[in-house]
Each structure stands twice: as structure tokens, then as C-alpha cells.
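The values are calculated or read from the model by the stated rules, or taken from the named source; none is laboratory data. Remember, predicted model here, so these are calculated numbers, not experimental data. So basically every Cβ, Gly included, is an ideal-geometry build from the backbone, and we count neighbours across all protein chains shown.
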Amino acid sequence: MKMIAASAKIHPLSVIEDGAVIGENVVVGPFCYVGPKVVLHDGVELLAHAVVTGRTIVGRGCRVFSNAVIGGDPQSLHHDGAETTLTVGEKCTFREGVTVNTGTTEGGGKTVIGDNNLFLANSHVAHDCILGSHIVMSNNVMLAGHVTIEDRVILGGGSAVHQFTRIGRQAFIGGLSAVSYDVIPYGMLNGNPGLLGGLNVVGMSRSGMEKATIHQVRRAFKQIFEGEGSIRVNAAAIRDEYADSEPVMHILDFIAADSDRALSSPNRGNKG
């Protein structure tokens, strides 16, 4: 049995399967498909030919444009067919041709997307990815499985992110870059193979970060990546010095955390 709010507007040429839950003021345009285990929260809008399928929850105020497929099965040879999930936060926009997959059993069974994210045309979020909020994925960006992206990251057009890679908050990934290693918070990576060229100073400034704090982060960056020791040794050595600097601690905690990938650096990330 469908559960469709009285205020929802469903075009008669769309298919809403039994079991779907449709919230208040949802708008579904023509030729859309909504699967039987989908929840569309209040104010969601599906434009013509949009598909939402799988065990998928789409948060309040999201927009899904034409030919996007949200909640499709994972593209993984290891997926055993078990029912897995996709959860999307509020006010996300999925432009034309975007694809987002549910999780896999071996990867924890869930793909999670935060709030206020913008996915431009033909970008892809694979199985078991965990995304924060206020992220911009430009046209044709590709995330492989198990990728983690923190808040306010911008990924330039055509960039590709290797499976199990982490990208720290407010990092910037240049267009057509190949991201094979973890990218620190506030980092700026470009090229193929991707090299950490420095810090996203423009983004830091636009976010309201004070100049003095930016200078602190730049000084810490040099100590971490230009010091004599390895990246992790250098980072651990300056922890006490920057205990009162939240942005620097973001970087140091990111470096100290367990990961399946090496760390990007100006030397291709193999200094670890």
C-alpha cells in the first residue's frame, strides 16, 4: 500500500510502487519511477524521468533531475544481493544523469550522504561511500566504493577518487585529478597522479577563517610536509604546539587516523 501525503503532486504518467512513502508537498514529474522501499520526505521534487529505487531515504527538500538514478544496486562483483541502503540528507541536488548506489554487505551495507550537497551532471557516488555536508561534486566526478568525504569539499570536473580514499574537510580537488591517496583537510590536490600542491587558502578565507589562523595552518603544513621525518612523525611532533588551533588539529587527527590508503603529499603521497 502506498502512503502518499494529500499535498503531494504526482504526475499520472509516473509509477509509484506499493510500499513507497511520499511526504507532504512532494512533486513527482512525468515518467518518474519510485520503488516500493523508497521514502521521499517533505518537499522532495523529482523532475521528468528521475528514478529513485532500492531501500532509499531522500531527505527534505532534495531535488532529483532528469535521468538521475538514486538508490541503484551497487556496482560490485562482491555484492551478494542482500538488501542494503542509501540515506540522503536534506536539500541535496542531483543534476541530470547522476547515479548513487546503495551499500554492500561487506562494506557495512549503507551509503550515506549529508545535507546541502550539489551533484552536477553525470557524477557518480558508488557503494558504501560516506559523504558529509555542503559538498560540491562537479560534472563527471567519479567516487569509487568506500570513499569518505568530509564537509565542504569541492571536487573539480572529471576528477576520480580511488576506493577507500578519504578527503578531509574543505579540501579542493582540481579538475581531471586522479585521487589515489588520502587528502588532508584544507588540502589542494591537482594532477594525475594527484599531488598535494598546498592548501585551499581561498576556500579557507571564504569560509570566514581569520588570517592569523590561516597563517597557523600554513606554518603547520610546512612542518608536516617539509620536515625531515615522515608525515606522521612530523605531525605527531607538533601536536602540542597547535593544541589550541582547531583547523590544525583537524589535519593532525586526520593524519593520525587509521586508513587503507597512504597520504597525498607534494611527493605523491609515499612519504607516509
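Just a yes or no: is a residue in the range 25-37 closer than 17 Å to Asn67 by Cβ and in contact with a Gly (Cβ under 8 Å, 6 or more places away or on another chain)?
Yes, the range 25-37 contains at least one residue that is closer than 17 Å to Asn67 by Cβ and in contact with a Gly (Cβ under 8 Å, 6 or more places away or on another chain).
For the range 158-207, which residues satisfy the criterion of being of a type in the set (Val, Ile, Thr) and touching a Lys or Arg at 6+ places or on another chain (Cβ under 7 Å)? Steps first, answer last, please.
Here is the first cut: in the range 158-207, the residues of a type in the set (Val, Ile, Thr) are 161, 165, 167, 173, 179, 183-184, 201-202.
Thr165 - this is the single residue of the range 158-207 that is of a type in the set (Val, Ile, Thr) and touching a Lys or Arg at 6+ places or on another chain (Cβ under 7 Å).
Which residue is nearest to Leu196 (Cα to Cα), if the candidates are limited to the range 234-272 and must be of a type in the set (A, V, I, L, M) and in contact with a Gly (Cβ under 8 Å, 6 or more places away or on another chain)?
Looking at residues that are of a type in the set (A, V, I, L, M) and in contact with a Gly (Cβ under 8 Å, 6 or more places away or on another chain), I get Leu263.
Report yes if Asp128 is among the acidic types (Asp, Glu), in contact (Cβ under 8 Å) with a residue 24 or more places away in the chain, buried (at least 23 other Cβ atoms within 10 Å of the Cβ) and farther than 18 Å from Pro185 by Cα, otherwise no. Write out each step before concluding.
Working: among the acidic types (Asp, Glu): yes; in contact (Cβ under 8 Å) with a residue 24 or more places away in the chain: yes; buried (at least 23 other Cβ atoms within 10 Å of the Cβ): yes; farther than 18 Å from Pro185 by Cα: yes.
The answer is yes for Asp128.
Please go through (1) at pLDDT 95 or above; (2) acidic (Asp, Glu); (3) within 22 Å of Ala262 (Cβ to Cβ) for Glu228 and return the number of the only condition it doesn't satisfy.
(1)
I need the full set of residues from the range 101-136 which are part of a loop (DSSP other than H, G, I, E, B), of a type in the set (A, V, I, L, M, F, W, C) and within 16 Å of Thr56 (Cβ to Cβ), in order please.
So the first thing to find is which residues in the range 101-136 are part of a loop (DSSP other than H, G, I, E, B), and the list is 102-109, 114-117, 120-123, 126-129, 132-135.
Cutting the leftovers down to of a type in the set (A, V, I, L, M, F, W, C) gives us 120-121, 126, 129, 135.
Correct list: Ala126, Cys129.
Can you pull out every residue in the range 106-124 that is modelled with pLDDT of 95 or more and closer than 11 Å to Thr84 by Cα? Before you say what the answer is, go through the steps one by one.
Step one: filter the range 106-124 for residues modelled with pLDDT of 95 or more, giving 109-124.
Gly109, Lys110, Thr111 - these are the residues of the range 106-124 that are modelled with pLDDT of 95 or more and closer than 11 Å to Thr84 by Cα.
Among the residues of the range 172-186 satisfying the criterion of being without any contact (Cβ under 8 Å) to a residue 60 or more places away in the chain and outside any loop (DSSP other than H, G, I, E, B), which is surrounded by the fewest Cβ atoms within 10 Å (Cβ to Cβ)? Working first, answer last.
Our first condition is that a residue be without any contact (Cβ under 8 Å) to a residue 60 or more places away in the chain; within the range 172-186, this holds for 172-178.
Then drop every residue that is not outside any loop (DSSP other than H, G, I, E, B), which leaves 172-173, 178.
On the way: Phe172: 26, Ile173: 27, Ala178: 17.
Looking at residues that are without any contact (Cβ under 8 Å) to a residue 60 or more places away in the chain and outside any loop (DSSP other than H, G, I, E, B), I get Ala178.
Return the residues of the range 187-207 that are buried (at least 24 other Cβ atoms within 10 Å of the Cβ) and over 17 Å from Val248 (Cβ atoms); say none if nothing qualifies.
Leu189, Gly194
Condition first: surrounded by 15 or more Cβ atoms within 10 Å (Cβ to Cβ) and assigned to a loop (DSSP other than H, G, I, E, B). Now tell me which residues in the range 208-226 satisfy that.
Met209
Can you go through Tyr181, Tyr186 and tell me which one is of a type outside the set (A, V, I, L, M, F, W, C), within 16 Å of the chain's Cα centre (by Cα) and under 13 Å from Ser265 (Cβ atoms)?
Tyr181
Scan the strands (runs of 3 or more DSSP E) fully inside the range 1-91 and keep the ones with 3 or more residues being out of contact with any His (no Cβ under 8 Å at 6 or more places or on another chain). Write out each step before concluding.
Numbers: elements: 38-40, 55-58, 69-72, 85-88.
Per the criteria, 38-40, 69-72, 85-88.
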